[in-house]
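Okay, so here's the structure we're looking at.
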Amino acid sequence: MGLDIKSVLIVDGVGANCAEILNSHNIKVTTKAKITKEELLKEIPNHEALVVRSATQVTREVLDAGSKLKVVGRAGAGVDNIDVAVAGQKGIGVINAPGANAMSACELTCGLTLALARHIVPAASALRAGRWERTQHTGTELNGKTLAILGLGRVGREVAIRMNAFGMKTIGFDPFVTAEQCAQFNTTKMELDEIWPLADYITLHTPLIDSTRNFINGSVLSRCKKGVKIINVGRGGLINERDFYEALKSGQVSGAALDVFEQEPPTDPLTLEIIQHPAVIASPHLGASTKEAQIRVGLEIAEQLVNLVKPGTYTTPLAEVTRVLPK
Ligand SMILES: O=C(O)[C@H](O)COP(=O)(O)O
């Protein structure tokens, strides 16, 4: 016997295939690409399930208002916008699509690493503005440089494979991955203290949880090589922005590519200064924004929801962050 989910609210511009699949199983869908907190609080009592990307904050207030809510589906990987602890207490399951957008996040990371090395963004902006700047944009090769990958899960290991092809030496850290597993994607597992003085580039692929918040802080940055470059396609909160900005101004960090921010869209004056810094390439959380990734996340969340209603309909496994099915 499956869960009784009659109506699903889909927000944040999740791919249309998600609604189509649910509809084809007679599950009613209400889609709101953009929704304010007030609208969400008003709408959520009408639905047994909610599907979000990263924009909507699924707070205690939202979960309390969802009197019929049984499941929150995250059409993506990170669940830091969902209060999973409260959901668990209330018996509301949380599911996600953990691998569905990993390749897209990986490819953006690789692109940003290349863009940093070769000053692609400022050089193109200068030429668009009519300036033929060659000497200003002499870059460096990636070949022979060391890339530190923090978080060696689905995204981090794909980054290693691709950046190895550019001749980069990959080293990394992940408490849940063994040295033997790392060897399979040609990466040397090291302790964090060993990593900082070796890295020419650092890329972040850990989830944002209490123990990873402010991971990259003043103390860490002072132990890095002068001129280290940082790529963050993970989460904004992984970097302590104040310390990072100081390191950027002093040249301790010589370049950074940031796709994610503590607050999105950013309005904090410090974040805006960082975005304006000439050594920074900033993009608006585009890691998962590809056609392929959005089709996959929409499909995986829809199929998991259908399976909860009609068990065994699809082969897609349930990705439970907090328990959905009774024990
Ligand atoms: O956690 C994720 O899956 C990525 O950061 C993508 O977030 P998005 O679905 O809001 O693009």
### Query
Can you name the residue in segment 83-109 that is without any contact (Cβ under 8 Å) to a residue 60 or more places away in the chain and buried (at least 23 other Cβ atoms within 10 Å of the Cβ) and, of all such residues, is farthest from the ligand (Cβ to nearest atom)?
106
### Message
Going by what's in this entry, would residue 54 be described as surrounded by 16 or more Cβ atoms within 10 Å (Cβ to Cβ) and either among the hydroxyl-bearing types (Ser, Thr, Tyr) or farther than 22 Å from residue 91 by Cα (or both)?
### Response
yes
### Query
From the list 136, 181, which one is open to solvent by 30 Å² or more (accessible area, probe 1.4 Å), at pLDDT 95 or above, in a helix (DSSP H, G or I) and out of contact with any Leu (no Cβ under 9 Å at 6 or more places or on another chain)?
136
## Note on the structure
Inside segment 278-299, the number of residues satisfying the requirement of being open to solvent by less than 40 Å² (accessible area, probe 1.4 Å), more than 10 Å from the ligand (Cβ to nearest atom) and not hydrophobic (A, V, I, L, M, F, W, C) is 2
### Residue list for segment 57-67, restricted to those being open to solvent by 50 Å² or more (accessible area, probe 1.4 Å) and either within 13 Å of the ligand (Cβ to nearest atom) or in contact (Cβ under 8 Å) with a residue 40 or more places away in the chain (or both)
57
### Query
From the list 162, 157, 74, which residue is in contact (Cβ under 8 Å) with a residue 12 or more places away in the chain, within 14 Å of the ligand (Cβ to nearest atom) and either open to solvent by less than 30 Å² (accessible area, probe 1.4 Å) or closer than 25 Å to residue 286 by Cα (or both)?
74
### Task
Sort through 56, 30 and tell me the only one that's among the hydroxyl-bearing types (Ser, Thr, Tyr) and assigned to a loop (DSSP other than H, G, I, E, B).
56
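The values are calculated or read from the model by the stated rules, or taken from the named source; none is laboratory data. Keep in mind that this is a model prediction, so the values were computed, not measured. Here the Cβ is made from the backbone with ideal geometry for all residues, glycine too, and neighbour counts use every protein chain on show. With ligands, DNA and RNA removed, areas are computed over all heavy atoms of the protein, side chains included. Shrake-Rupley method; radii C 1.70, N 1.55, O 1.52, S 1.80 Å.
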